Amino acid sequence: MNELMRILLIEDDRVIAKLISLAIKTNGYQVDTSENGSIALNMISQQNYDLILLDLGLPDMDGIEIIEFVRQSSKVPIIVISARERESDKVLALDTGANDYVTKPFNVGEVLARIRVALRNSTNELELKNF
């Protein structure tokens, strides 16, 4: 099942992006990466993703704008991975449409578990609609 799952990672820190990408690929998922918001928005418009991993602090825009853009037309699960630790930042991201929020520094195993949960929940939602 994982081989069919495509994840978009939007992260401007190349070290973190490599770490997460390697973990995602090692666990059998396909991954595309973007270092900034404008490229990510283009990728989202061109490709269907099963999940989006999103850093809020991007060089060209705030990740909240990406959440707003995605939520205009899609229910794809969005997991925020951000250094922003304030409760208000977490609440804003979740209220805007993110499904989950992980603060940096993070444990890769936990992020992978959250990916599995989000994908499982979105798959279950589709199965219930088709029931």
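The values are calculated or read from the model by the stated rules, or taken from the named source; none is laboratory data. Source: prediction; values computed, not measured. With ideal geometry, Cβ positions are generated from the backbone for all residues, glycine too; neighbour counts draw on all protein chains shown. Side chains are part of the model used for accessible areas, which takes the heavy atoms of the whole protein and leaves out ligands, DNA and RNA. Shrake-Rupley method; radii C 1.70, N 1.55, O 1.52, S 1.80 Å.
For this structure, a couple of remarks:
- Any hit, the range 115-128, residues being in a strand (DSSP E or B) and not small (Gly, Ala, Ser): no
- Residue in the range 82-121 that is most open to solvent (accessible area, probe 1.4 Å), counting only those that are among the charged types (D, E, K, R) and under 17 Å from residue 7 (Cβ atoms): 120
- Condition met for residue 54 (of a type in the set (A, V, I, L, M), under 15 Å from residue 115 (Cβ atoms) and in contact with a Gly (Cβ under 6 Å, 6 or more places away or on another chain)): yes
- Qualifying residue in the range 36-55 (condition: exposed (fewer than 14 other Cβ atoms within 10 Å of the Cβ) and not in a helix (DSSP H, G or I)): yes
- Count - residues of the range 65-85 that are in contact with a helix residue (DSSP H, G or I) (Cβ under 9 Å, 6 or more places away or on another chain), within 24 Å of residue 19 (Cβ to Cβ) and either assigned to a helix (DSSP H, G or I) or without any contact (Cβ under 8 Å) to a residue 60 or more places away in the chain (or both): 10
- Residue match in the range 73-81 (condition: under 14 Å from the mean Cα position of the chain (by Cα), among the small types (Gly, Ala, Ser) and surrounded by 18 or more Cβ atoms within 10 Å (Cβ to Cβ)): no
- For beta carbons closer than 7 Å, sequence separation of 6+ or different chains, a first residue in the range 15-31 that is under 20 Å from residue 104 (Cβ atoms) and at pLDDT below 95 and a second that is open to solvent by 90 Å² or more (accessible area, probe 1.4 Å) and aliphatic (A, V, I, L, M), there are no qualifying pairs.
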